[in-house]
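Asker: Sending over a structure as structure tokens; questions will come in a sec.
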Amino acid sequence: MLKVKDLNVYYGVIHAVKGISFDVPNGKIVTLIGANGAGKSSTLKAIAGLVKPKGSILFSDKEIIRHPAHEISKLGVALVPEGRRVFINLTILENLRMGGFNKKISELEPLYEKMFELFPILKERAHQKAGTLSGGEQQMLAIARALMSEPDLLMLDEPSLGLAPLIVSEVFDILRELNKQGRTILLVEQNAAQALKLADYGYVLENGAITLEGEAKGLLENDEVRKRYLGED
Amino acid sequence: MDLTIILQQLVNGVSLGSLYGLVAIGYTMVYGVIRLINFAHGDIMMVGMYFAFTGIAMMFLPWWAAFLLSMLASALVGVIVDRVAYKPLRNASRISALITAIGVSFFLENSFLVIYGGVPKAFPIPSVFNGAINIHSVIFPNIAIITPIVAIVFLLILLFILHKTKYGMAMRALSFDIDTVRIMGINVDLVISLVFALGSFLAALGGIFWAMRYPAINPLIGIMPGLKAFAAAVLGGIGSVTGAALGGFIIGVTEILVVALFPALAGYKDAFAFLFLIFVLLFKPTGILGEDLERGRF
Ligand SMILES: Nc1ncnc2c1ncn2[C@@H]1O[C@H](COP(=O)(O)OP(=O)(O)OP(=O)(O)O)[C@@H](O)[C@H]1O
Ligand SMILES: [Mg+2]
């Protein structure tokens, strides 16, 4: 579904992503793990079209590297950004409407229903401002908002950030469920243990380069990963 | 002072204030989405006046057609100004865009000076807007009654657009965060163009009613009302549409009442809007309805 080749992201003189390559096969969950500043967000932003990278990004065999962000979204890529970034000055329903901006009016109602089924808390508060939601609820809204476009590829940037462990499990359960329904997922995480347990395949990103990759189960057993990302000796 | 005179002046002030409000909305919306004080916005008022003048006095269109075409053409001018002058600077420092806005202002003023000359033109007032009505022997000019009604109707239409249409919602979302709006599949440049179109449409409307109030128009006529509308936008809380409308009413009413109550100070009337602004900002730096300057909420 997604094939990234020799991806480079520069911010002026800073070389944030240094020629990485990875694949996200159809129907799988792939995770990129790495420490602060490793280049995880830059990679997702490059795929989403928010930064102008060099290299090649094939989405369903189509080169999307020079496409503007809104066109990439229309092709079927959705990003749940780091820090959730829900529109706090809009209501929950309006946030969902923005997520489904390019949907026909007749398609919206069933989609809202689907989201409310997945995240019942959003239904109760549909007409409240998103700013009144707790961090965990905002994360749910951010995921629901991304799903409103019915993307083929769902990308999430550190969805566990700042959430209590119980809420993190809840979010990850939902991702597992979405994947079971056939959604392809690219997950960026610092929470390596949770991410590797969920994912099929994983890549370790360090200083903008991929240093390790493999089946997620294998990485969980890997000594290097255990030491550096799972806090074990 | 006589109560009837105060009443007349109040109506007059509300009428003037609604014009400031109409223009202030454009300042506040553009600031809300791209954090730019569009100093050329007052000149769009002037553009609207000349377009309407051209429609009525030179092309002999019916007044309503001339007004509508003028507002649409002014909206287009606003969009073109953004595309040509501001869009290339979207990622530049804010001060560059601000200086560019001042440049655009000079450009519009001088272009119209070249096209229409510096001699003031008499704005043809359609007869419906002339005359006055007499309520219990208090006389109100028609225009003073019609102006606030028109302003409120358009304010309500604008609020409807902002809250009930997807492009309006996108404008409000944009005032919070541009990149996140992009990844929703929304063409941000198109939304920004629509903001300029709406703001300029309303500025032209304000300009046309201004011209019917003070029917001698010249290419520099947009400067002072533009500045006062800007003061109104800041007073109401820049970024807030209802704040802009409210700020406009407050400044208009204050200006008229100060002159009515202290005729000796009439020569300083233009200073009052700004004095009032300074005074309010001393106590509430974000303006009346403003909360956080870095966060949109219109
Ligand atoms: N807009 C920017 N301008 C300049 N440098 C940037 C910018 N964004 C990111 N960087 C730099 O690029 C590098 C990678 O940043 P990135 O945000 O991709 O890391 P990350 O892996 O997502 O980190 P975190 O876990 O903290 O979110 C960092 O060194 C960062 O300082
Ligand atoms: Mg990050």
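The values are calculated or read from the model by the stated rules, or taken from the named source; none is laboratory data. As the structure is a computational prediction, the values presented were derived from the model and not from experiment. Note that each Cβ is placed from the backbone with ideal geometry, even for glycine, and that neighbours are counted across all protein chains shown.
Asker: With the condition kept exactly as written, say whether any residue in the range B:42-51 is at pLDDT 95 or above, more than 14 Å from residue B:108 (Cα to Cα), out of contact with any strand residue (DSSP E or B) (no Cβ under 8 Å at 6 or more places or on another chain) and small (Gly, Ala, Ser). Before you say what the answer is, go through the steps one by one.
Answerer: Looking only at the range B:42-51, we keep the residues that are at pLDDT 95 or above, and these are B:42-51.
Checking which are more than 14 Å from residue B:108 (Cα to Cα) leaves us with none.
There is no residue in the range B:42-51 that is at pLDDT 95 or above, more than 14 Å from residue B:108 (Cα to Cα), out of contact with any strand residue (DSSP E or B) (no Cβ under 8 Å at 6 or more places or on another chain) and small (Gly, Ala, Ser).
Asker: Does residue A:126 qualify as being in a loop (DSSP other than H, G, I, E, B) and either away from chain B (no Cβ under 14 Å) or in contact with a Lys or Arg (Cβ under 7 Å, 6 or more places away or on another chain) (or both)?
Answerer: For residue A:126, the condition - in a loop (DSSP other than H, G, I, E, B) and either away from chain B (no Cβ under 14 Å) or in contact with a Lys or Arg (Cβ under 7 Å, 6 or more places away or on another chain) (or both) - is met.
Asker: Here's a check for you: in the range A:70-84, which residue that is at negative phi and within 16 Å of ligand 2 (Cβ to nearest atom) is surrounded by the fewest Cβ atoms within 10 Å (Cβ to Cβ)?
Answerer: Looking only at the range A:70-84, we keep the residues that are at negative phi, and these are A:70-75, A:77-82.
If we keep only those that are within 16 Å of ligand 2 (Cβ to nearest atom) too, we end up with A:79-82.
On the way: A:79: 31, A:80: 25, A:81: 22, A:82: 17.
Among residues in the range A:70-84 that are at negative phi and within 16 Å of ligand 2 (Cβ to nearest atom), the one surrounded by the fewest Cβ atoms within 10 Å (Cβ to Cβ) is A:82.
Asker: Continuing with the same structure: When the range A:89-123 is examined, which residues are found to be among the β-branched types (Val, Ile, Thr) and either at the interface with chain B (Cβ under 10 Å from one of its Cβ atoms) or closer than 24 Å to residue A:70 by Cα (or both)?
Answerer: Keep residues of the range A:89-123 that are among the β-branched types (Val, Ile, Thr), which gives A:91-92, A:105, A:121.
Selection gives A:91, A:92, A:105.
Asker: Let me ask you something else. Looking at A:198, A:153, A:212, can you tell me which residue is under 21 Å from residue A:44 (Cα atoms) and within 16 Å of ligand 1 (Cβ to nearest atom)? Please lay out each step first, then the result.
Answerer: Values: A:198 fails: within 16 Å of ligand 1 (Cβ to nearest atom); A:153 fails: within 16 Å of ligand 1 (Cβ to nearest atom).
When all the criteria are applied, what remains is A:212.
Asker: Show me the strands (runs of 3 or more DSSP E) entirely contained within the range A:1-48 in which 2 or more residues are near ligand 1 (Cβ under 10 Å from one of its atoms) and under 15 Å from the mean Cα position of the chain (by Cα).
Answerer: Those strands (runs of 3 or more DSSP E) span A:29-34.
Asker: Further question: Only one residue in A:212, A:163, A:186, A:205 is within 16 Å of ligand 2 (Cβ to nearest atom), free of Cβ contacts under 8 Å to residues at least 40 places away in the same chain and of a type outside the set (Lys, Arg). Which one?
Answerer: Details: A:212 fails: within 16 Å of ligand 2 (Cβ to nearest atom); A:186 fails: free of Cβ contacts under 8 Å to residues at least 40 places away in the same chain; A:205 fails: free of Cβ contacts under 8 Å to residues at least 40 places away in the same chain.
One residue alone meets the criteria, A:163.
Asker: Taking only the range A:70-88 into account, find how many residues are in contact with a helix residue (DSSP H, G or I) (Cβ under 7 Å, 6 or more places away or on another chain), more than 19 Å from residue A:160 (Cα to Cα) and more than 7 Å from chain B (Cβ to nearest Cβ).
Answerer: Number of matching residues: 2.
Asker: Filter the range A:10-36 down to the residues that are free of Cβ contacts under 8 Å to residues at least 60 places away in the same chain and within 16 Å of ligand 2 (Cβ to nearest atom) and list them by number.
Answerer: If the condition is that a residue be free of Cβ contacts under 8 Å to residues at least 60 places away in the same chain and within 16 Å of ligand 2 (Cβ to nearest atom), then A:11, A:14 are the ones that fit.
Asker: Does any residue of the range A:59-69 turn out to be under 16 Å from residue B:180 (Cβ atoms), within 11 Å of chain B (Cβ to nearest Cβ) and either within 16 Å of ligand 2 (Cβ to nearest atom) or part of a helix (DSSP H, G or I) (or both)?
Answerer: Taking the range A:59-69 first, the residues under 16 Å from residue B:180 (Cβ atoms) are A:68-69.
This time we only want the ones that are within 11 Å of chain B (Cβ to nearest Cβ), so: A:68-69.
Cutting the leftovers down to either within 16 Å of ligand 2 (Cβ to nearest atom) or part of a helix (DSSP H, G or I) (or both) gives us A:69.
Yes, the conditions are met somewhere in the range A:59-69.
Asker: Determine, yes or no, whether residue A:170 is away from ligand 2 (no atom under 16 Å from the Cβ) and at pLDDT below 95.
Answerer: Details: away from ligand 2 (no atom under 16 Å from the Cβ): yes; at pLDDT below 95: yes.
Answer is yes for this residue.
Asker: Filter the range A:37-56 down to residues that are away from ligand 2 (no atom under 16 Å from the Cβ) and surrounded by 24 or more Cβ atoms within 10 Å (Cβ to Cβ), then give me how many there are.
Answerer: The number of residues fulfilling the criteria is 1.
Okay, residues lined up against (1) buried (at least 19 other Cβ atoms within 10 Å of the Cβ); (2) part of a strand (DSSP E or B); (3) not small (Gly, Ala, Ser):
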site: A:86; (1), (2), (3): yes, no, yes
site: A:98; (1), (2), (3): yes, no, yes
site: A:102; (1), (2), (3): no, no, yes
site: A:121; (1), (2), (3): no, no, yes
site: A:137; (1), (2), (3): yes, no, yes
site: A:140; (1), (2), (3): yes, no, yes
site: A:144; (1), (2), (3): yes, no, no
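Asker: With the checklist (1) under 21 Å from residue A:44 (Cβ atoms); (2) over 14 Å from the mean Cα position of the chain (by Cα) in hand, flag the one item residue A:107 doesn't pass.
Answerer: Here residue A:107 meets the rest and fails (1).
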